[in-house]
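Below is one structure, written out as structure tokens; comments come after it.
The values are calculated or read from the model by the stated rules, or taken from the named source; none is laboratory data. The structure displayed is predicted, hence computed values, not measured ones. Cβ atoms come from the backbone with ideal geometry, glycine included; neighbour counts cover every protein chain shown.
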């Protein structure tokens, strides 16, 4: 035993806090020798393992050796060596090993050497791991296959080439009878380093030796194939397996889900069920997500029900995926039913559940319900996070509830994390003001954001300034710089750029910006559509302008005088008085009062149309204009 000063009885603070061990220790202090019970090896091993330093572990071990009628065993030595390895006291480990034959009458067993191998592995002392074989020889013992496998397992995690060299020279070269664990460890190493082809050679070599690869070896290779995108080859390999298990199906189903190959994922899911297996919750959740992404929410419900009926467990993540799917379909009321169902099954909703529901309610225009859900979170003790604030502020502003949006923003700013450096809720406020044509307020709000987001605000104000001056090339340069830095432009920036490009005749570039704007969920208002319509008409693309206005109406944006006026003017310039008149009448039907320019274009066009100024046509036109004026 290494020379450590040690009292006959350990101070109590060296021992475990576990009550049973404290009582054990105290019983030895208080009871006479004749009545003191002999502790078990298991108790002493636990006591050693619970010490907080190598010194305390050694002192505890020495203390136990002085207990009446107690003798250490392989298990207590193994516990001590484990603690010494944990604190990298490998020199002391060798001293302890040398002591064992005289102390307990036998050399260290294979489990002790395996413990040393694993300790050296955790310390990443790879070269020393191989030298453990020399330690075994020192005690005139032959290393077991288990010890060789333990060394191999450490090596493959650090250096597969070194592991293969060890396998060839130290194992095959010495005639070691390798078992399926040996091949499984090597297969793991090959797959971890993406040497899949060598993995197949390894599989063939195993079969040539008369060994049947077990399910673990096949699963390791399957996982390697799937990780490298070779799912089809993995599926073929599965057909070779005598006994695929639930892990096999989890690997392949998950891989097909990653490839968004829903058909094959469902085929394997069905096969998994028919073989009596239930996929794990992670795999089930992936299937639910991909079904919901494709709008097949009813099938997702069926999968969850089958998993439950077959004894599988569902967690909040799986329910969240389903709830998200229903929200995407716009069926928010049904999501509330599933919320109650998961609660009744003891699966409590978390922050993600509420965030998804709030998002779904906002998308469906149920803003009051979204606010109720927001306040319910506080009642049930779930803290709001940035996603909660961001989702609700966006929903309220997009839905025209600006005052409520400002209130939630105040709560966010008062919270501990605030916006967390994210600009998106502030951009939502700007978009809400833009939607209501409160452009001056939007600009004021943008300017106030400068304290929080100085770079983004500086870039934005420069873009607005350049557009105002007609310097669209400079504005686009700053915009590209902003995007390159990972910035997120506001609706105000997009609207200003689109107007600037249209005024300079760059309509194509303006349309590209509008598409980017829509991609960020900022749908243009009538004033932005109008500058595009005006730009198209100015470039002689009247047909495209008509299509744009039709698309604008289809998206729920009502045209105004700024939408109709350029179309009437362009139709008149083309000499198409009839189309201009129809547009004019359509304006009146929608309650839009024509302005001076629209009247002027129509009358000027009429004065140049000889056929409308003769005979009955003139009389009919006079009556029509009279009715228009009266209207």
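Conditions (1) surrounded by fewer than 17 Cβ atoms within 10 Å (Cβ to Cβ); (2) within 30 Å of residue 274 (Cα to Cα), marked per residue:
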{"position": "315", "(1), (2)": "yes, yes"}
{"position": "340", "(1), (2)": "yes, no"}
{"position": "361", "(1), (2)": "no, no"}
{"position": "374", "(1), (2)": "no, no"}
{"position": "382", "(1), (2)": "no, no"}
{"position": "404", "(1), (2)": "no, no"}
Item checked: Number of positions in the range 69-107 that are within 15 Å of residue 43 (Cβ to Cβ) and part of a loop (DSSP other than H, G, I, E, B) -> 5
Next item on the list: Can you give me the number of residues within the range 320-348 that are in a helix (DSSP H, G or I) and in contact (Cβ under 8 Å) with a residue 24 or more places away in the chain?
Entry: 12
Next item on the list: Please find, among 262, 252, the residue that is under 21 Å from the mean Cα position of the chain (by Cα) and buried (at least 19 other Cβ atoms within 10 Å of the Cβ).
Entry: 252
Check: Regarding residue 488, is this residue within 30 Å of the chain's Cα centre (by Cα) and not in a helix (DSSP H, G or I)?
Finding: yes
Notebook entry, point to check: Residue check, residue 277 against (1) in a helix (DSSP H, G or I); (2) surrounded by 13 or more Cβ atoms within 10 Å (Cβ to Cβ); (3) modelled with pLDDT of 90 or more, all met but one. Which one?
Noted result: (1)
Next item on the list: Report, by residue number, each residue of the range 464-473 that is under 14 Å from residue 509 (Cβ atoms) and touching a helix residue (DSSP H, G or I) at 6+ places or on another chain (Cβ under 7 Å).
Entry: 467, 472
Notebook entry, point to check: Taking residue 79 and the conditions (1) under 26 Å from residue 139 (Cα atoms); (2) modelled with pLDDT of 95 or more; (3) surrounded by fewer than 20 Cβ atoms within 10 Å (Cβ to Cβ), which numbered condition does it fall short on, given that it satisfies the others?
Noted result: (3)
Next item on the list: Only one of these is closer than 23 Å to residue 295 by Cα and not in a helix (DSSP H, G or I): 260, 240. Name it.
Entry: 260
Check: When residue 409 is evaluated against the numbered criteria (1) within 29 Å of the chain's Cα centre (by Cα); (2) at pLDDT below 95; (3) closer than 22 Å to residue 361 by Cβ, which criterion, by number, is the only one it fails?
Finding: (2)
